[in-house]
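For reference, the structure is listed below as structure tokens.
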Amino acid sequence: MYLTREQEEILQGAKGEVAEKCMRVLVRLGEALGAERLLPIEWAHLSGISYKTIGEAGLEFLEDIKEADFSVKTTTNPCGMDLLRWKELGIDESFAIKQLRILNCLERMGASLTLTCTPYHLEMPKFGQHLAWAESSAVCFVNSVIGARTNREGALSALASAITGFTPDCGVHREENRAPDVLVKVGVELNSVTDFGVLGYVVGEIVGDSVPYFVGIRGGIDQLKAIGAGLATGGAVVMFHVQDVTPESKKYDIRGLEKIEVDHRDIQKVYEKWGGEGGDAIFLGCPHLSKEELQRSFKSKKPVFACVARLLACRERGSVRILCDTCPVVAPFRFDKIVVDSVKAAAYLGERAILRRREEILEGKGY
Amino acid sequence: MRVRVINPDGIFEAEALVILRPINLLKEVDPVTGKLAGAPDIREESISGKILMFPHGKGSTVGSYLLYALKRNGTSPLAIINERFDLVIASGCIFSSIPYADQANIRQFKTGDRVRFDTKKGELIKV
């Protein structure tokens, strides 16, 4: 692999032992993946922030490396609790202490504690920008909808990129890997943002890590966000195109692509998988809501939790409680049954989840 | 057998522990003891000091942290061998200085075999 002088110096320890190790990780990964060089990145987004997911192993790791500095803009995924109201939500103090130790390490290293899986709702990346993001739904969104470039990084490879400022030049950083390889004909009308997520999930299960090209659908930012989250949950999709909607969709000749069709039965099956009555709590916001989605949730007739980035939170209205910094997937809540409007949340909560269309939840229908 | 060495460190000889299904490190291994706590189907109880072979990882991307904790606690495997490249395992091994190779046909080995892993030659053999 070709290394610039700066990269070579980091590898020799010029920026400390941790940066040296991170550089070695990236060079080895790049060589294994066939990269010829490392690219500078403008923004790293880290996963593995909740004590519930990384546990003692992750905490020890971060405390060992906390003297290192992030060299580029670095944001973070949600953690395991709302930092202001964890007590009233029943989080144990022992958990809270460990969670705060994790956040202290990250802040000390220079992260901006956005604690959201939708950092693009705070600031949109730009077309063509190279990033190293580790949140799979956000990866799918920014590649597809914005035209920025990031592979689906692991928790540690994103951390290595945050510290060094580089990522291997491979995968969707390269033009040739952004081309579609399967055409998806959607033969069903999608009436809810939840339907878009389910469509993504169904297609993800079929295409695995391919790049799907959708025809026959329309949608704005929120619908496209839901498709991306579904694709990254059902499969390991890193990017998708929607004809006449996403910025790179016009570049490609789609004749001759392998074709799959999705109809209403495929969608219905997913709702049936997570069917059920009742539920102890209702959560919206997986991925975290946009400002507009939060405003619309205020018309809910039932008490719901709405998960958003703290920077987008506002005064609570109606029966909505705003939950920041976290979500039910990464928080140790003790609810037995949780109603959600997102197939990603349902997939991670498993048998504890009941999946409903967002509009039905807000209308208080069906349970 | 030839393997592709991702993280070289020397020549190692140890007992093999072969698991023929993908494993979720974070869920199945106790970082303090190195024991396979959450894996009732595997009779062997510890991965410490073994040449650990499995097809690839699954589940959380946080599995890398688990490898680091094992190394730090002195309970890590001597080396890890996968069939397919796994970013989570690879980055964890490099960070923690655990030798790692992929592109291996792990079915040629059985748990309990004495195995030599030569990272310079890219060779994995039964001794």
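The values are calculated or read from the model by the stated rules, or taken from the named source; none is laboratory data. Quick caveat: nothing in here was measured; it's all calculated off a predicted structure. Cβ atoms come from the backbone with ideal geometry, glycine included; neighbour counts cover every protein chain shown.
Side notes on the structure shown:
- When residues of segment B:71-88 are limited to those that are over 19 Å from A:Gly235 (Cα atoms) and touching a Gly at 6+ places or on another chain (Cβ under 6 Å), the one farthest from the other protein chains (Cβ to nearest Cβ): B:Leu78
- Considering (1) within 14 Å of chain A (Cβ to nearest Cβ); (2) at pLDDT below 95; (3) under 14 Å from the mean Cα position of the chain (by Cα), the lone condition that B:Tyr100 does not fulfil carries the number (2).
- Residue within segment A:53-74 that is under 30 Å from B:Val3 (Cα atoms), surrounded by fewer than 22 Cβ atoms within 10 Å (Cβ to Cβ) and of a type in the set (Gly, Ala, Ser) present: no
- Selected residue (criterion: farthest from B:Ser60 (Cα to Cα)) from residues of segment B:77-101 that are in contact with an Asp or Glu (Cβ under 7 Å, 6 or more places away or on another chain) and surrounded by 20 or more Cβ atoms within 10 Å (Cβ to Cβ): B:Pro99
- Out of B:Leu87, B:Leu124, B:Leu67, sole residue that is on the phi < 0 side of the Ramachandran plot, touching a residue at least 60 places away in the same chain (Cβ under 8 Å) and out of contact with any Pro (no Cβ under 6 Å at 6 or more places or on another chain): B:Leu124
- The residues of segment A:339-355 that are surrounded by 24 or more Cβ atoms within 10 Å (Cβ to Cβ) and either within 17 Å of the chain's Cα centre (by Cα) or over 11 Å from A:Trp274 (Cα atoms) (or both), listed by number, are A:Val340, A:Asp341, A:Ser342, A:Val343, A:Lys344, A:Ala345, A:Ala346.
Residues checked against (1) among the aliphatic types (A, V, I, L, M); (2) within 25 Å of B:Ile89 (Cα to Cα):
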site	(1), (2)
A:Cys105	no, yes
A:Ser112	no, no
A:Thr116	no, no
A:Pro119	no, no
A:Leu131	yes, yes
A:Ile146	yes, no
A:Leu159	yes, yes
A:Pro168	no, yes
A:Glu175	no, no
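- Conditions (1) more than 12 Å from chain B (Cβ to nearest Cβ); (2) touching a strand residue (DSSP E or B) at 6+ places or on another chain (Cβ under 7 Å); number of the one not met by A:Lys66: (2)
- Complete set of residues in segment B:57-70 that are aliphatic (A, V, I, L, M) and facing another protein chain (nearest Cβ under 7 Å): B:Val62, B:Leu66, B:Ala69
- Those residues of segment B:77-90 which are under 17 Å from B:Pro31 (Cα atoms) and over 9 Å from the mean Cα position of the chain (by Cα), in sequence order: B:Val88
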